[in-house]
1. Calculate how many DSSP beta bridges within segment 356-498 are antiparallel, expressed in % of all such bridges and rounded to the nearest 5.
2. Taking the alpha-carbon distance from Lys445 and a cut-off under 20 Å, which aspartates and glutamates remain once sequence neighbours fewer than 8 residues away in the same chain are dropped?
3. Considering just Cα atoms, how many Å³ per residue does the convex hull of segment 429-500 enclose?
4. Starting from the Kirkwood Rh over alpha-carbon pairs, what translational D in µm² s⁻¹ does segment 412-462 have by Stokes-Einstein at 4 °C and 1.567 mPa s?
5. Which lysines, if any, have their Cα less than 23 Å from the Cα of Lys337, not counting same-chain residues under 8 positions apart?
6. What Kirkwood hydrodynamic radius, in Å, does segment 356-498 give when the mean of 1/r is taken over all pairs of distinct Cα atoms and then inverted?
7. Sort largest first and round to whole Å: the equivalent ellipsoid semi-axes of segment 286-338, each the square root of five times a Cα gyration tensor eigenvalue.
8. On each of the three principal axes of the Cα atoms of segment 143-265, give max minus min coordinate, whole Å, ordered largest first.
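Each reported figure results from applying straightforward, stated rules to the coordinates on display, with no laboratory input. Since we're looking at a predicted model, the values are computed, not measured. Counting neighbours? That spans all protein chains shown, and the Cβs are built from the backbone with ideal geometry, glycine included.
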Amino acid sequence: MWEQLLSKKARTKCLLLLLLFSLYITGCGGISDGEYAASVVMKGGSGRAYIESPCVVTVEKGKAVARLVWSSPNYDYMIVDGTTYYPVNTEGNSVFEVPVKLGKEFPVQADTTVMSTPHLIDYTLLLTLGDNGAEADGKDGGEIDTSIQKTSMDAPDIPGLTYLSTDENAYARCYRIHRYSDDYAVISIEDGRNYLVVPEGAAVPEGGESFIILQKPLDTIYLAASGAMCHFDRLGAIENIALSGIEKDDWYIDSAKEAMGAGTLVYGGKYSAPDYEQIVMMDIDVAIENSMILHTPKVQEKLEKLGIPVFIDRASYEQEPLGRCEWVKVYGVLTGKEDEALADFSEQVQQVSSLEFDENSGKSVVIFSVNSNHQIVTRRTGDYFAKMVELGGGDYLSPVADGGDETAQMTISVEAFYDYAQNADILIYNATIEDTPGSLEELQKTDAVFVDFKAFKEGNVWYTDKSIYQLSDRTGTIINNLYQVIAKGQEETEFFHKLK
C-alpha cells in the first residue's frame, strides 16, 4: 500500500537509500554483477584537474572496477593500492580502468606530465552509486541511473508487427537480432537498449517511441566507434560512412584512408567533441559510438536532441574473441548486407576450426611491451588477446594465476616479469601499445635481463602488426596466424613478425 502513497520519484529515492545502505554495510558483496553509474568526488591536487562524473563502474564477482576519465590527456599512470595502471586509450583525455571501493574514500596517486617535469600527485576519491557525490562538491551532476545495465534481450512485443524469429549467435552474447513481419528487425543489446530497424519507406509502428529508431537507408553515418570500421570495410560499405571519429593518419584500414584522401569520408570530430555543424549539414542518419560515449552524456544528449539516434557498439565487451568478430552481423542488418556478413563471419570461424593441433602445439606464450617507465605491460589470462593465444594452441602465461578480476591489462616490474616469463617458449611484443624495438639487440638494450630469457636465446620473439587492434573482423585470421607462429614457427604472417 505504501507504493500507492509515494510518488515514483520518492520510491526511487527510497530504493536508492536502501542500495547505498547495503553498499555501506557490505561493500560490493551485495551488488549483482553488471554496470552501474557512480558519482565521483575527488580531493587533492591543485583543484584544476577533475575526473568526469558520473563514471561507469563494472562489478564482477564482488569486485568493482571504475573507468575514470580525466579532464586532461596528460596523466600517464595511476597508482591504486600499490599497483600501477596505465591509460587504456590512445587519444583524448587520459582514461584508466582501476579497482575501486564504493561508498568510502580511498587514496590514489596520479602522475601528470603537464609541468616541466612529471609530478606524482596524491588524491582521495569517493565513488557512490547515486547523486550524493555530485551534490557534495557543489556540482550539478544530474540524474544518475543506478539500475543494472545488463537486462533481458528477449524479443519485445511490437503492436502491428508479428514476431518471426531470433537469429542464433555462435559466440556473441552482447546482442540479439529479432525478426518481425514486413522486414522490420530489433537489435537488442545487453545494456537494455533496443534498436528498431525500420525498412526504407516504411512507417514507425505504434509504440515505436519505446525504441531507438534506425530508419533505413542508413547511408550517411558518423562513425566514432573506430573499432567498427573494419566491419563496414569487409561488407564493402565504407561509402555508408560520411564522418570519421579519427583522423586519416590514424587509420590502418586502407579503404578508410583512401576515402578520407578522396574526400568522400571526412573527419567529424572525436566522440567527446563531435562537429555538430557538420553533422547537421550532412543530415547524419545515425551516430555509431562505443561505450566511451557514456562518459560524455551531454554529447549523447545533444546528438539525440538534434534528432540523431545514437547506436552504442559493445563488441569489446564480448568474452569470446570470435564474439567480437560476430558483430559484423549487426552491421549487415544496418547496411542491408546480411548475406555478406554471414559469409564473412563463417570464413573467420573456418580459419579457427580448420586448425590441427599436434605435439608442436601447447608452447607457452607471453604477451608484453616495455613502457617509458621501464615497466612491463602485459595481459591477464582472461583478456581476449590471451584467449586468442589459447585458441591458437598456445599456453598463455600470466603473473596472475586466475587471470584476476580487475583490468585485462596490467603493469609489473621487469623483475616480476622475469620470475614467470623467463622460461616461456615464445614472447610476443605488443606493438599496439609501445613501439617495437627494431631488433633483438635493441630489445636487450631496454634491459639486459632479456638475454636470460629462453625465448630470447632461441630467437623466438615476435611482434604484432600495429593494425591488429582495428581489425576485429579478422579475429579468425589472427588466431590462425598465432597457430602458424606457435605450432609451425612461421617467421612472417599477416599480423605477426619475427624479431631478429
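1. 55 percent
2. Partners within reach: Glu415, Asp419, Glu434, Asp435, Glu458.
3. Taking only Cα atoms, segment 429-500 has a hull volume of 80 Å³ per residue.
4. Taking Rh from Cα pairs, D becomes 116 µm²/s.
5. Reachable lysines: Lys216, Lys257, Lys329.
6. In segment 356-498 this quantity evaluates to 15.0 Å.
7. Sorted largest first and rounded, they come to 24, 16, 4 Å.
8. Dimensions of segment 143-265 along the principal axes of its Cα atoms: 46, 37, 35 Å.
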